[in-house]
Amino acid sequence: MIIKSIDPKTPKSSEITPEFEYINRRRFFGRAGAMVAAATLAACAPKLVPGTDLLPTDIPTYMDELGNKATNFTYIANYNNYYEFTTNKEAVAMVSAKFVTDPWSVEVGGLVNKPMTLGLEDFQKGYTQSERIYRHRCVEGWSMVIPWLGFSLSDLLKKVEPTSAAKYVSFETVFRPDQMVGQASSFYPWPYTEGLRMDEAMNDLTTLATGIYGKDLLPQNGAPIRLVVPWKYGFKSIKSIVKITLTDVEPPTFWDTIAPELYGFFSNVNPGQQNSIRSQVTERRIGENPRIPTLLYNGYDPKVGSLYTGMDLNVYY
Amino acid sequence: MSEEKQSHSYKPKDSNLQEIIRWGSHIGAVIPILVLGVDYFTNNLTANPIQTATQRTGDVALILLVLTLAVTPVLIFYQTNLLKGMRKRLGLYAFFYTCVHLFIFFVLDYGLDWNQLIPLILQKLYLIFGLIAFIILLAMAITSFQWWKKKLAKNWKRLHRLVYLAAILIILHYALAQKGDILFLRGNLILPITYGIITIFLLLLRPLMVRKAARWLVQEIRSISTKRDLRKSK
């Protein structure tokens, strides 16, 4: 079982990082936020967001089911692909510091019997959050191991009762160009959209995450709520979700709209894939040096391989 | 007489300035690799140092190449010996950064794993473009010495004109390595497009006709202004 229940012997991240330090980190963020204008400077000389190094790092108990150590939190918080803010991965933390995630609501609708609008409290109270340590593989050829805090998307979908006509689930990121400066660029089809087939969405691995390392998600990691689909390339794991819609047709997705010859609807991690820009044969785990082989479905073949039996992955990429 | 005096009095000043520009260009071209080295050894090269180093050396190589291409057009509009040797110097630095870029990619990133590299090169147009451009730059770097210039005579100029082809290939290499689609102008294309426009502009300045026309225009403007000055002094 990949879902890791928290072992009583394991130190909780809150024990390792005293609360006051965590709050102190927030104050640092406030200051960092005042320097949003300096974001362009940060692009020239990327600096780590101050304070994030106070969070737990290198805790040996944070390991995935294959024995891979979780990535240092400083990396997770400072190396982000989040084009809504900036295409500069090292500057996202800085540019997103003032992003407002409270209040927040997610509209769940479409082909369902019980459409609902949920606030953050509803997610935190109504669903059991568990720690899930998953590998995260970016299509650019790097990867991390991330201890998410979240629950299965299927828990939510069961509550809204999809009709028999529902075949796909589509997701949408918030569109807020005043806070997300990257959304001003007309090179991209904003807002960011993603989609899953119904059986993929119902798989236990498919997670709605609200935290990392036992703490609330930071804006640069997709706060306050994001999708995590660990057997697909990272861009499928859409961030800052405001809308979940069940549909009967395959929904358009952000990167497939931009370059359909490079990015498809499925985008399963596949070392045999030849049509993407980078080599998918190997990957570099952030914080480690030699390249390591990339595993089919990012190593989650036993859990998800059956979803794709009989499908040619080079056609349905 | 007075003219000779003038040129005498200007010469040392000119050559001082020339030295300053020469050293300035050397320092400017060396700084990026020093910064890269410092960042690498102080662990300041992002969470993904090898990829960042690849991209940074690529960026510097491209900027230096575009500056190399800009030298001749500058001389069209403003004839000066201040930029003596500049084209060759910047071109060789661009080649140097290209070599570092390739070294990081082939050796540090892929550890010369040819089983992975060869299929990758054959699959990706951006790698093919990049390697053709490298071969052009390599040929130019080797023949950049006077001995070759004399030996190749007319062919030297022909060979070195391929720099424009190399520049275009490098910009395509850069654009195709980005997440996006250049045909439909979607994705991360602002920088590749900027370099592309600058290069095409510099290329358009090159043909002889344009050069002659520009020179004529500049002379006309000068003669008009000297006439006006003469009139004023009268």
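Of A:Met198, A:Met180, the order by accessible heavy-atom surface (1.4 Å probe, DNA, RNA and ligands excluded), from most exposed downward, is A:Met198, A:Met180. Once both labels are positioned 7 Å from their Cα atoms along Cα-to-Cβ, the gap between A:Thr61 and B:Val30 label points is 5.3 nm.
The candidates B:Phe41, A:Phe175, arranged from most to least accessible area with a 1.4 Å probe in the full protein assembly, appear as B:Phe41, A:Phe175.
Using a Debye calculation, one point per C-alpha and no hydration shell, please list log10 I(q)/I(0) for the stretch A:174-317 at q = 0.15, 0.16 Å⁻¹ in order. Normalising to I(0) and taking log10 leaves -0.89, -1.02.
Net charge around A:Val269, counting only other residues with Cβ within less than 12 Å of its Cβ (Lys, Arg = +1; Asp, Glu = -1)?
Working: positive: A:Arg135, A:Arg137, A:Lys232, A:Lys236; negative: A:Glu283, A:Asp301.
Local net charge: +2.
Which order do A:Arg291, A:Arg284 take by accessible area at a 1.4 Å probe, largest first? Mind dumping the intermediate values first?
Values: A:Arg291 55, A:Arg284 15 Å².
The residues order as A:Arg291, A:Arg284, largest area first.
Near B:Arg186, the amide H atoms lying under 5 Å from its own belong to B:Asp181; only residues 5 or more places off or on other chains count, and H is placed 1.01 Å from N. Under a GNM of chain B (C-alpha, springs under 10 Å), which listed residue has the highest mean-square fluctuation: B:Ala29, B:Ala70, B:Ala153? Per the Cα network of chain B with a 10 Å cutoff, B:Ala153 tops the list.
Assuming 0.36 nm per residue, please report the length gained on full extension of the stretch B:Ile198 to B:Lys88 beyond their Cα-Cα distance.
Fully extending the segment from B:Ile198 to B:Lys88 adds 37.6 nm.
For A:Asp248, neighbours were defined as the other residues whose beta-carbon sits under 13 Å from its Cβ, and their charges (Lys and Arg +1, Asp and Glu -1) total +1.
Rolling a 1.4 Å probe over the protein heavy atoms gives the protein assembly as shown an accessible area of 50 Å² per residue. Taking each of B:Lys124/B:Lys151; A:Lys89/B:Lys124; B:Lys88/B:Lys179; B:Lys151/B:Lys212; A:Lys114/A:Lys303; A:Lys69/A:Lys239 in turn, the alpha-carbon distance tops 32 angstrom for B:Lys124/B:Lys151; B:Lys88/B:Lys179.
Around A:Arg291, under 14 Å between beta carbons, what's the net of Lys plus Arg minus Asp minus Glu among the other residues? With Lys, Arg at +1 and Asp, Glu at -1, the neighbours total -1. Computed from the alpha carbon atoms alone, the convex hull of the protein assembly as shown holds 203 Å³ per residue. Residue-wise HN-Hα couplings along the stretch A:138-144, as the Karplus relation 6.51 cos²θ - 1.76 cosθ + 1.60 with θ = phi - 60° gives them from phi, are 8, 5, 6, x, 10, 8, 9 Hz; Gly and Pro carry x.
With all distinct Cα pairs included, what does the Kirkwood hydrodynamic radius of the stretch B:117-196 come out to in Å, to one decimal, could you say?
Working: mean 1/r = 0.0711 Å⁻¹.
After inverting the pairwise mean of 1/r, the radius is 14.1 Å.
For B:His26, tell me the accessible area in Å² from a 1.4 Å probe, rounded to the nearest 10. We get 50 Å² for B:His26. For A:Thr245, the solvent-accessible surface with a 1.4 Å probe is about 40 Å², rounded to the nearest 10. For A:Leu111, the residues whose modelled amide H falls within less than 5 Å of its own, excluding neighbours fewer than 5 places apart on the same chain, are A:Leu246, A:Thr247.
Along the stretch A:99-110 the Karplus relation, 6.51 cos²θ - 1.76 cosθ + 1.60 evaluated at θ = phi - 60°, assigns HN-Hα couplings of 5, 8, 10, 9, x, 8, 9, 10, 9, 10, x, x Hz to successive residues, with x for each Gly and Pro.
Taking every DSSP helix (H) stretch of at least 4 residues in chain B, weighting each as -39,500 (n - 2.57) and dividing the sum by the residue count yields a mean residue ellipticity at 222 nm of -27000 deg cm²/dmol.
Kirkwood analysis of chain B, using all unique Cα-Cα pairs, places the hydrodynamic radius at 20.6 Å.
Using the crude model of +1 on Lys and Arg Cβ and -1 on Asp and Glu Cβ, and no other charge, please compute the dipole size for the stretch A:164-317 relative to its Cα centre, in debye to 20.
Numbers: 14 positive and 15 negative charges, 86 e Å.
In total the dipole reaches around 420 debye.
Calculated FRET efficiency, B:Leu131 to A:Glu261, Cβ-Cβ distance, R0 = 30 Å: about 0.85 to the nearest 0.05. Taking every protein chain into account, the 1.4 Å probe leaves B:Tyr93 with about 40 Å² of accessible area, to the nearest ten.
For the stretch A:77-195, the pair-distance distribution built from all alpha carbon pairs, in bins 5 Å wide starting at 0, is 2, 9, 14, 17, 21, 19, 13, 5, 1 percent.
Between helix B:190-205 and chain B there is an angle of about 40 degrees, using the helix long axis and the longest principal axis of the Cα atoms. Residue by residue, the stretch B:35-50 carries 3J(HN,Hα) couplings of 4, 4, x, 4, 4, 5, 7, 9, 6, 10, 9, 6, 6, 10, x, 5 Hz when phi is fed to the Karplus relation 6.51 cos²θ - 1.76 cosθ + 1.60 (θ = phi - 60°); x denotes Gly or Pro.
Kindly list the residues of the stretch B:201-221 that lie in the label zone of B:Tyr78, defined by a backbone N under 16 Å from the point 7 Å along the Cα-to-C-beta vector. Hits in the stretch B:201-221 for B:Tyr78 at 16 Å: B:215, B:218-219.
The values are calculated or read from the model by the stated rules, or taken from the named source; none is laboratory data. Given the structure is predicted, the values throughout are model-derived calculations rather than measurements. Cβ atoms come from the backbone with ideal geometry, glycine included; neighbour counts cover every protein chain shown. Please note that ligands, DNA and RNA were not included when accessible areas were found on the heavy atoms of the full protein model with its side chains. Shrake-Rupley method; radii C 1.70, N 1.55, O 1.52, S 1.80 Å.
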